[in-house]
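To start, the structure under review is shown below, and the notes come after it.
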Amino acid sequence: MNEIKPLTSIRGLFALYVAIYHIFPRTNAFLSNGYLSVDLFFVLSGFIMSYVYKVKFSSTINIKTYLTYLNGRFARVYPLYAFMIILTTFFYFKNKIPLPNTTEYIILFSFLQSIMDVTNNLIPHAWSISVEFIAYLTFPFAIFLLSKKHGIISLVVITASAFTGLYLASLKGYWGPLDVVGGKFAIVRCLSDYVLGIVSLFVFQMVKEKFKWITLEIALIFSIALAFTTLNFRGYDLLVVVFFTIMIPLLSASQGIIYKLMSLSPIVYLGEISYSIYLIHYPLCRRLSFIPAWFHNKLPFIDFNYIALIITISISILTYHFIEVPFRKFIRGSPKRTNVRV
């Protein structure tokens with residue numbers, strides 16, 4: 001199955017967006033809405049996972065297939081996740097910052113930080129990775145349900161449930177309506193996004209043949225414009241998620257100028273290292289704990305936010321090639337993998 005380059009690219013752009021959100025001062029509405037990158041990631045993940053695995057899980061789910069699938073997901077997210085826990089432990093110890101206790105380390109290494117409290121959390125932003133693994137566990141059963149005879153009814157019910165979940169989560173937001181990063185409503189938020197991504201694949205496959213590619217391209221341009229316009233205002237998080245849900249399937253079918261732009265090698269590569277960008281930027285570069293004090297003192301005229309962003313991308317390139325890819329191949333243990341980056 002071929003890679004959909006624009007979807008890889010959009011993940012990279014929004015990984016950069018959330019890094020900027022955490023590193024730079026939030027001086028305007030667009031920067032302040034950077035936390036909505038997480039919602040795009042989950043909608044995107046639900047869509048791509050459905051694109052890749054729909055056929056496999058639509059008719060049956062057996063233990064072997066399920067465990068093979070989970071092994072692939074584990075290989076995708078765990079190596080860098082564990083590496084960041086270990087690396088951040090080193091920097092915390094070096095800077096005499098309190099470390100988690102044994103129980104908290106078990107919680108962190110077990111992907112449980114979204115459902116169990118960790119006082120001294122080494123990678124607090126990785127709560128979403130914990131939720132994503134929950135989504136992976138339940139995903140095959142969602143596909144199986146939606147593929148049944150009464151799939152249309154299931155689509156309607158599940159879509160309504162997802163928007164209800166997002167609405168309830170939005171009542172608990174901190175920095176904005178959907179800035180919910182802990183507790184059960186953080187899980188509700190992200191799983192609702194994930195479900196919308198799954199549903200968008202099913203719906204899009206039903207209707208896309210009814211439209212010419214140019215019509216879909218125009219709709220894509222409008223959805224992008226609406227999403228980014230709405231991101232320039234505060235408080236419209238649910239509407240932004242709606243536009244994300246429309247934009248992603250249209251982006252997957254693009255054949256025009258958007259496809260060409262989003263298939264440029266540098267942007268696609270940014271998408272390839274996006275997971276590293278997401279995991280690395282917060283614990284290291286936001287705190288700047290590894291930049292020597294003399295560097296601050298001798299170069300006071302430099303905006304260290306830009307230094308942090310450059311360091312984030314530089315380290316992400318290294319971790320992608322020397323941690324993510326090698327360990328993923330080792331754990332999966334098979335050269336026959338899909339080219340679609342999920």
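Hey, among the residues in segment 96-110 that are assigned to a helix (DSSP H, G or I), free of Cβ contacts under 8 Å to residues at least 24 places away in the same chain and not aliphatic (A, V, I, L, M), which one's nearest to residue 79 (Cα to Cα)? Step through it out loud before you land on a result.
Taking segment 96-110 first, the residues assigned to a helix (DSSP H, G or I) are 102-109.
Add one more test, that the residue is free of Cβ contacts under 8 Å to residues at least 24 places away in the same chain, and what stays is 102-108.
Okay, now just the ones that are also not aliphatic (A, V, I, L, M), so 102-105.
On the way: 102: 20, 103: 20, 104: 19, 105: 16 Å.
The qualifying residue nearest to residue 79 (Cα to Cα) is 105.
Is there a residue being out of contact with any strand residue (DSSP E or B) (no Cβ under 8 Å at 6 or more places or on another chain), surrounded by fewer than 22 Cβ atoms within 10 Å (Cβ to Cβ) and assigned to a loop (DSSP other than H, G, I, E, B) anywhere in segment 149-164? It would help to see each step written out before you state the result.
Here is the first cut: in segment 149-164, the residues out of contact with any strand residue (DSSP E or B) (no Cβ under 8 Å at 6 or more places or on another chain) are 149-164.
When the remaining residues are screened for being surrounded by fewer than 22 Cβ atoms within 10 Å (Cβ to Cβ), the result is 149-161, 163-164.
Now restrict to residues that are assigned to a loop (DSSP other than H, G, I, E, B): 149-150.
Looking through segment 149-164, at least one residue is out of contact with any strand residue (DSSP E or B) (no Cβ under 8 Å at 6 or more places or on another chain), surrounded by fewer than 22 Cβ atoms within 10 Å (Cβ to Cβ) and assigned to a loop (DSSP other than H, G, I, E, B).
List every residue pair whose Cβ atoms lie under 7 Å apart, where the two residues are 6 or more positions apart in sequence or sit on different chains, the first residue falls within segment 200-223 and is under 9 Å from residue 250 (Cα atoms), and the second residue, located anywhere, is aromatic (Phe, Trp, Tyr) and assigned to a helix (DSSP H, G or I).
Hits for this filter: 223/243.
Regarding residue 228, is this residue closer than 23 Å to residue 30 by Cβ, of a type in the set (Phe, Trp, Tyr) and crowded, with 22+ Cβ neighbours inside 10 Å? Step through it out loud before you land on a result.
Working: closer than 23 Å to residue 30 by Cβ: yes; of a type in the set (Phe, Trp, Tyr): yes; crowded, with 22+ Cβ neighbours inside 10 Å: no.
It is false that residue 228 is closer than 23 Å to residue 30 by Cβ, of a type in the set (Phe, Trp, Tyr) and crowded, with 22+ Cβ neighbours inside 10 Å.
Quick one: is residue 99 crowded, with 21+ Cβ neighbours inside 10 Å and either over 29 Å from residue 198 (Cα atoms) or touching a Pro at 6+ places or on another chain (Cβ under 7 Å) (or both)?
Values: crowded, with 21+ Cβ neighbours inside 10 Å: no; either over 29 Å from residue 198 (Cα atoms) or touching a Pro at 6+ places or on another chain (Cβ under 7 Å) (or both): yes.
Criteria not met by residue 99.
Might you let me know whether segment 111-125 holds any residue that is part of a helix (DSSP H, G or I), out of contact with any strand residue (DSSP E or B) (no Cβ under 6 Å at 6 or more places or on another chain), more than 22 Å from residue 203 (Cβ to Cβ) and in contact (Cβ under 8 Å) with a residue 24 or more places away in the chain?
To start, the set of residues in segment 111-125 that are part of a helix (DSSP H, G or I) comprises 124-125.
Checking the rest, the ones that are also out of contact with any strand residue (DSSP E or B) (no Cβ under 6 Å at 6 or more places or on another chain) come to 124-125.
Still in the list and also more than 22 Å from residue 203 (Cβ to Cβ): 124-125.
So of that shortlist, the ones also in contact (Cβ under 8 Å) with a residue 24 or more places away in the chain come out as 124-125.
Among the residues of segment 111-125, at least one is part of a helix (DSSP H, G or I), out of contact with any strand residue (DSSP E or B) (no Cβ under 6 Å at 6 or more places or on another chain), more than 22 Å from residue 203 (Cβ to Cβ) and in contact (Cβ under 8 Å) with a residue 24 or more places away in the chain, which makes the answer yes.
Just give me the residues in segment 243-266 being part of a helix (DSSP H, G or I) and under 19 Å from residue 205 (Cβ atoms), in sequence order. Let's see the steps before the verdict.
In the first step, residues of segment 243-266 are kept if they are part of a helix (DSSP H, G or I); the result is 243-252, 257-262, 265-266.
Across segment 243-266, the qualifying residues are 244, 245, 246, 247, 248, 249, 250, 251, 252, 259.
Could you run through segment 3-45 and say how many residues are part of a loop (DSSP other than H, G, I, E, B) and among the charged types (D, E, K, R)? Break it down into steps so the answer makes sense when it comes.
Just the residues of segment 3-45 that are part of a loop (DSSP other than H, G, I, E, B), to begin with: 3-4, 24-28, 33.
Retained after the next criterion (residues that are among the charged types (D, E, K, R)): 3, 26.
Number of matching residues: 2.
Quick check on segment 181-189. Is at least one of its residues of a type in the set (Lys, Arg) and part of a helix (DSSP H, G or I)?
To start, the set of residues in segment 181-189 that are of a type in the set (Lys, Arg) comprises 184, 189.
From the residues that got through so far, the ones that are part of a helix (DSSP H, G or I) too are 184, 189.
Yes.
Take the residues in segment 238-267 that are over 20 Å from the mean Cα position of the chain (by Cα) and crowded, with 16+ Cβ neighbours inside 10 Å, then tell me which one is farthest from residue 219 (Cα to Cα). Give the derivation first.
First pass over segment 238-267, keeping only residues over 20 Å from the mean Cα position of the chain (by Cα): 253-261, 264-265.
If we keep only those that are crowded, with 16+ Cβ neighbours inside 10 Å as well, we get 253-254, 258-259.
Values: 253: 11, 254: 10, 258: 11, 259: 13 Å.
Restricting to residues being over 20 Å from the mean Cα position of the chain (by Cα) and crowded, with 16+ Cβ neighbours inside 10 Å, the top hit is 259.
Tell me which residues, restricted to segment 46-59, are over 17 Å from residue 271 (Cα atoms) and part of a helix (DSSP H, G or I). Spell out the reasoning first.
In the first step, residues of segment 46-59 are kept if they are over 17 Å from residue 271 (Cα atoms); the result is 50-59.
Matches in segment 46-59: 50, 51, 52, 53, 54, 55, 56, 57.
Based on what the data block shows, is residue 133 closer than 19 Å to residue 37 by Cα, at pLDDT 95 or above and not in a loop (DSSP other than H, G, I, E, B)?
Working: closer than 19 Å to residue 37 by Cα: yes; at pLDDT 95 or above: yes; not in a loop (DSSP other than H, G, I, E, B): yes.
The answer is yes for residue 133.
Just to be sure before I move on: is residue 91 in contact (Cβ under 8 Å) with a residue 24 or more places away in the chain, assigned to a helix (DSSP H, G or I) and closer than 29 Å to residue 250 by Cα in the structure I sent? It would help to see each step written out before you state the result.
On the way: in contact (Cβ under 8 Å) with a residue 24 or more places away in the chain: yes; assigned to a helix (DSSP H, G or I): yes; closer than 29 Å to residue 250 by Cα: no.
So residue 91 does not fit the description; no.
For segment 180-214, give me each residue that is among the polar types (S, T, N, Q) and out of contact with any Pro (no Cβ under 6 Å at 6 or more places or on another chain). Reasoning before the result, please.
Within segment 180-214, the first condition is being among the polar types (S, T, N, Q), and the residues that meet it are 192, 200, 205.
Across segment 180-214, the qualifying residues are 192, 205.
So in segment 91-125, with the set limited to residues that are within 20 Å of residue 317 (Cβ to Cβ) and not β-branched (Val, Ile, Thr), which one is farthest from the chain's Cα centre (by Cα)? Before you say what the answer is, go through the steps one by one.
As a first pass, look at segment 91-125 and keep what is within 20 Å of residue 317 (Cβ to Cβ): 91, 123, 125.
Now drop any that are not not β-branched (Val, Ile, Thr), which leaves 91, 125.
Values: 91: 25, 125: 11 Å.
Across segment 91-125, the extreme among qualifying residues is 91.
Find the residue count for segment 225-246, including only residues that are touching a helix residue (DSSP H, G or I) at 6+ places or on another chain (Cβ under 6 Å) and without any contact (Cβ under 8 Å) to a residue 60 or more places away in the chain.
Residues that pass the stated criteria total 7.
The values are calculated or read from the model by the stated rules, or taken from the named source; none is laboratory data. Remember, it's a predicted structure, so these values are computed and weren't measured experimentally. All Cβ positions, glycine included, derive from the backbone under ideal geometry; neighbour counts span all protein chains shown.
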